[in-house]
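The structure appears below as structure tokens.
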Amino acid sequence: MATSLNSTSHVAVVEAEAVQRALLVTILGSAGFRVSAFADGAGLRALLEHELPDLVLLGLDLAGADGLSHARHVLGRGSHIGIIMVAAAGHAVERVHGLNAGADDYMVKPLKPRELVARVRSVLRRVRPLATPIAGARIAMGRRMFDVSAQVLLDADGGGQAEYLSADDFTLLRTLAANPHRPLERGWLAAVSRAGDRRAPGGVIGRRIARLRRAIEQDPARPLAIRTVRGVGYMFVPNRG
């Protein structure tokens, strides 16, 4: 997976119209992205068999299987693959269907080059994988110690009664711990902690965050380790010292 938002990020373009497809390749290539382009979903599916791109720019006016089915296929291959759907103007209903199918963003033709590049970078920031490998680590979080290998919470001194985490809560806490000082969007956290289901309601994440705060914060009403970032989501702030 890519570690930057430009030259090492791989964008797959699926666009039936040849001139438009070539234009998209030129725009994204000039912005520093590695680009693969296909005229239909069959080419995309063949790519997915041997490589997972970081983002798919998916036209909805494809022959054969519709764009929504391709989006679902992409999501089935990897929860960290971003999807931007593209459709002709006036297709408001398709926009709703596209977002419900798990797309991260939706654009209408004709595409403006600067906006396209900005949207691609924005989605990549949201869906890129964990920032820091933390396997085997013990991380101080509030009044507790998070033992990643054992998937448990311990007292800050490493002793006391171990509190075992559910699979979903462990994945959520590990994701936060691996991205210190980085605001993470609710939708992205939902995707990571619910096996790739980006349609998971934000309220589910809110309830899990509240449960984790009760487990690790000195004062859950005034959280210091797992902080709310207004309008975005949540952020892990490591203990000082």
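Just a few scattered comments:
- Picking from residues in the range 198-218 that are hydrophobic (A, V, I, L, M, F, W, C) and more than 15 Å from residue 140 (Cβ to Cβ), the one that is modelled with the lowest pLDDT is 200.
- Which listed residue is at pLDDT 85 or above and either touching a Lys or Arg at 6+ places or on another chain (Cβ under 6 Å) or of a type in the set (Ser, Thr, Tyr) (or both), from 193, 166: 166
- In the range 97-122, residue modelled with the highest pLDDT [restricted to those that are of a type in the set (A, V, I, L, M, F, W, C) and surrounded by 20 or more Cβ atoms within 10 Å (Cβ to Cβ)]: 120
- Residue list for the range 15-58, filter: assigned to a helix (DSSP H, G or I) and under 21 Å from the mean Cα position of the chain (by Cα): 28, 44, 45, 47, 48
- Total residues in the range 38-56, condition in contact with a Gly (Cβ under 8 Å, 6 or more places away or on another chain) and modelled with pLDDT of 90 or more: 2
The values are calculated or read from the model by the stated rules, or taken from the named source; none is laboratory data. Nothing here was measured: the structure is a model prediction, and the numbers come from that model. Here the Cβ is made from the backbone with ideal geometry for all residues, glycine too, and neighbour counts use every protein chain on show.
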